[in-house]
Amino acid sequence: MKMQDYICKVIDSFPRKMLKWDTDIRDPVARRFASRWEDAGGYEAFAAAINNLVEEKVLSPVKKSGLNGLSPPLALRYRKLPLQEGDYSAAKEEILSFYCSRMDLSSFLNSPQDYDRHRDILMAIDHFLIEAENNPPAVWDTVNERSFALTGHEKFLSSHKGNQLLKRIKITLQDLCCVPAPEPFFFWATALPLLPEERAHCLVVENKDTFHSLKYLLGAGKLKTNPEIHLLIYGEGKKILNSWSFIYECLPGAAGYQFFYFGDLGPGGARYLR
């Protein structure tokens, strides 16, 4: 990313209209470049980008604030200027010419003022989609793993903002070759054989002690149930509700599943069953 692009991101995210040249603009930009600050041109490139933004009417120097005494000089303070419709021509041109994947970016063409804050993520998704189309991954990542790789934040894709962005560009988690990771739970698969056409019988037990007792009795052949149990699950109260899809990974060869529950059933559970 170019120096000016970083500066624009800092300016856009700054909550006030008045910015100090150093603490509000230079310092955040320098932190993003880190050790690459001098390789990117250092202060001279920074000053040139600031002056370019002044010419593009993104910033306006506050002349009464004075100069910073460096060469080339910059004003001590700058004011953010409101963008006009014509200021989005570069964004529209980039949207139309840069992206090559099947993302639908029509909404950003209609609302280009939203583009810049999504730009990095859109570019990362575009790059991934092209790579995946040419070389599909043999193993899919979880949603959080893919989210971290694309955005640097493992919870973004599963968040409300992430869901809204994917809907906006008409891309699914399947397009991104990732799957949700259901919360795992404690379970015990009995030695009971399961025929390909047979349904698996699963017993969800709320209490931990009861789970261990049933596990011992079933394993020792001292307890017979009708129907016989293929999978014994420790439900941990309501926690099992967040882990339901994980059940289908425990006995993937079953033709279907039938569930039984052993435990207290409070008002919350009754509402869930309804």
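The values are calculated or read from the model by the stated rules, or taken from the named source; none is laboratory data. Small disclaimer: the values here were computed from a predicted structure and weren't measured. Backbone-built Cβ (ideal geometry, glycine too); neighbour counts: all protein chains shown. Heavy atoms of the whole protein, side chains included, go into the accessibility calculation; ligands, DNA and RNA do not. Shrake-Rupley method; radii C 1.70, N 1.55, O 1.52, S 1.80 Å.
At a glance:
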{"item": "For region 132-234: span of alpha carbons on each principal axis (Å, largest first)", "result": "57, 31, 20"}
{"item": "Base-10 log of normalised Debye intensity for region 1-80 (one unit scatterer per alpha-carbon) at q = 0.24 Å⁻¹", "result": "-1.23"}
{"item": "Entries of LYS63/LYS161; LYS80/LYS161; LYS9/LYS155 with Cα pairs more than 29 Å apart", "result": "LYS63/LYS161"}
{"item": "Region 117-161: Cα Rg divided by the 2.2 N^0.38 Å rule of thumb", "result": "1.16"}
{"item": "Helical contribution to [θ] at 222 nm, DSSP H n ≥ 4, -39,500 (n - 2.57), averaged over the chain, rounded to 500", "result": "-11500 deg cm²/dmol"}
{"item": "Spread of Cα-to-Cα distances over 5 Å intervals beginning at zero, given as percent, for the chain", "result": "1, 5, 9, 11, 10, 10, 9, 8, 7, 6, 6, 5, 5, 4, 3, 1, 1, 0"}
{"item": "Distant-in-sequence amide H partners of TYR257 (H built 1.01 Å from N, under 5 Å)", "result": "ALA200"}
{"item": "27 Å Cα-Cα reach of LYS208 towards lysines, excluding residues that sit fewer than 8 places from it in its own chain", "result": "LYS222, LYS224, LYS238, LYS239"}
{"item": "Quotient of Cα Rg and 2.2 N^0.38 Å for region 79-139, N being how many residues it contains", "result": "1.35"}
{"item": "Accessible-area composition of region 1-132, carbon plus sulfur, in percent [1.4 Å probe]", "result": "51"}
{"item": "Whole-Hz couplings from phi, Karplus 6.51/-1.76/1.60, listed for region 115-123; x for Gly and Pro", "result": "5, 4, 6, 9, 4, 4, 5, 4, 5"}
{"item": "Cα gyration tensor shape of region 148-189, rounded if a/c is under 1.5, else prolate or oblate by comparing a/b with b/c", "result": "prolate"}
{"item": "Nitroxide proxy distance, nm - points 7 Å out along Cα→Cβ at LYS161 and ASN207", "result": "4.6"}
{"item": "Ranked packing of 226-234, 110-118, 200-208, most packed first, by mean Cβ within 10 Å", "result": "200-208, 226-234, 110-118"}
{"item": "Probe 1.4 Å, protein heavy atoms only - accessible area per residue of region 127-173 in square angstrom", "result": "66"}
{"item": "Solvent exposure of region 38-92 as accessible area per residue, Å², 1.4 Å probe", "result": "62"}
